[in-house]
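The structure appears below as structure tokens.
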Amino acid sequence: MGSTRVSIGLCIVMLFGVVAALPAAATAQQDQVTVTATIVDQDGRSVGGGVDVTATWDGGSVEGTTASNGQVLLDVPRGENVSIQIDDDRYVRNVPYTLEDASTESIDVPVAESGTATITVRNAANETVENARVLLYSGGQFVTDQRTGADGTVTTPAIERGDYRLDIYKDGYYDNRTRVTVQRRTEINRTIEQGEVLLTVSVRDDYFQPPEALDASVEIPGVGTLETGSDGDTTTTVSVNTRYDITVTSDGYDRTQRTIGVGETDTTANVSLNRTDDINLTAQSQVVLGQQVPITATDEYGDPVTGATVTQDGQDIGTTDDSGIIRVSPDSAGTVNYTVDDGDTTETVTIEVFDPDEGTPSATATGEPTATANDTGTPTDTSDGSGPGFAPVTVVAALALLALVAYRRR
């Protein structure tokens, strides 16, 4: 009895499954529509049988072959946009036929007799031109895009017979545009001419207003290396319809590369250079222990370096403020190194710290600011030759400083 109940239960489940599947199958069948496509020539007459037809849509495709009446039945999803193309030795379409929002209907798909064109490109010396770009357009619509081989020739695939616009492009040559008619087999010869124009490269630093002209070197592959004049400009002749990857350098500035497209008229290319990232630090070179010392950080243009990390002998002590300044208080005598890092560039300044309790410093704490190694100023000798170590005025200043410290400690 138990097995009988199980068998009956399974049958019921299977029955419900079949019943449930029937509407889905019916729905899938209803979603298909049959399109009757008739392939016709340019006079609207059927081309007959034996023409292979492919219909494609998003996610699927179907193929068929025309009967003797030139018709083919294509089952496609309802409402889809369907692209229809043919494959035949006699007839061709340059672009597929598009059926929008497919439904059960009959359509005519026009085709044209096929032809080919063999195009040979030569220069003014009657030499064939390799790697010339050859394009055909019909009614403003792109049809083919090919490159000539070593023999300067291209042969198109099968295309519709008729009138076309023929464009030929080649670096160093003027563009060539003509009209041609393509028949069953068509031979076409075209001559393209070389040409030159002037290229002016103008180099500026646009941090300044107005931008500042720069003395710079401009390297143009295949042309040479040129130097700009006092106006920041240099001019040379270059080939037409050519792209040049130029490199521009100038002392104290980042190396810059630019791609310049040159057409068929004189061209000016504006190149902006930026100074190489740099940090300049200014601080007193010698201080008394406990004295607060401002360190000022400026960039390559003299602007404040803000928010930069500052370390004292490798230990973080803070960041520069909106004016590019941090105030430090050395806590030990001797040589102390302060390093400023803005994330791209680092620079270090050295300060000699003097402890009055340890006696006279080996080098005078002058209180005068000093710049880092980036400062190109020339040092001056302050000794008047009257003593081996300190000038009289310096000795007096040091003694006064010692007296002041002793007074404060009472």
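Some points to look at:
- On the beta carbon distance between residue 332 and residue 292, with R0 = 25 Å, the FRET formula returns roughly 0.95.
- Model label points for residue 95 and residue 116, set 7 angstrom from Cα along the Cα-to-Cβ axis, are 2.5 nm apart.
- Paramagnetic reach from residue 133 (point 7 Å along Cα→Cβ, amide N under 14 Å) across the stretch 157-185: 167-177
- Length available on full extension from residue 272 to residue 317: 0.36 nm per residue minus the Cα-Cα distance, which gives 12.5 nm.
- Once the mean of 1/r is taken over each pair of separate Cα atoms and inverted, the stretch 221-287 shows a Kirkwood hydrodynamic radius of 14.8 Å.
- Sorting the segments 320-331, 260-271 by their mean number of nearby beta carbons within 10 angstrom, highest to lowest, gives 320-331, 260-271.
Bear in mind these aren't lab numbers, they're just calculated from the coordinates by the rules spelled out. Because the structure is a prediction, the values reported are computed rather than measured. Heads up, the Cβs are rebuilt from the backbone with ideal geometry, glycines too, and the neighbour counts pull from every protein chain shown.
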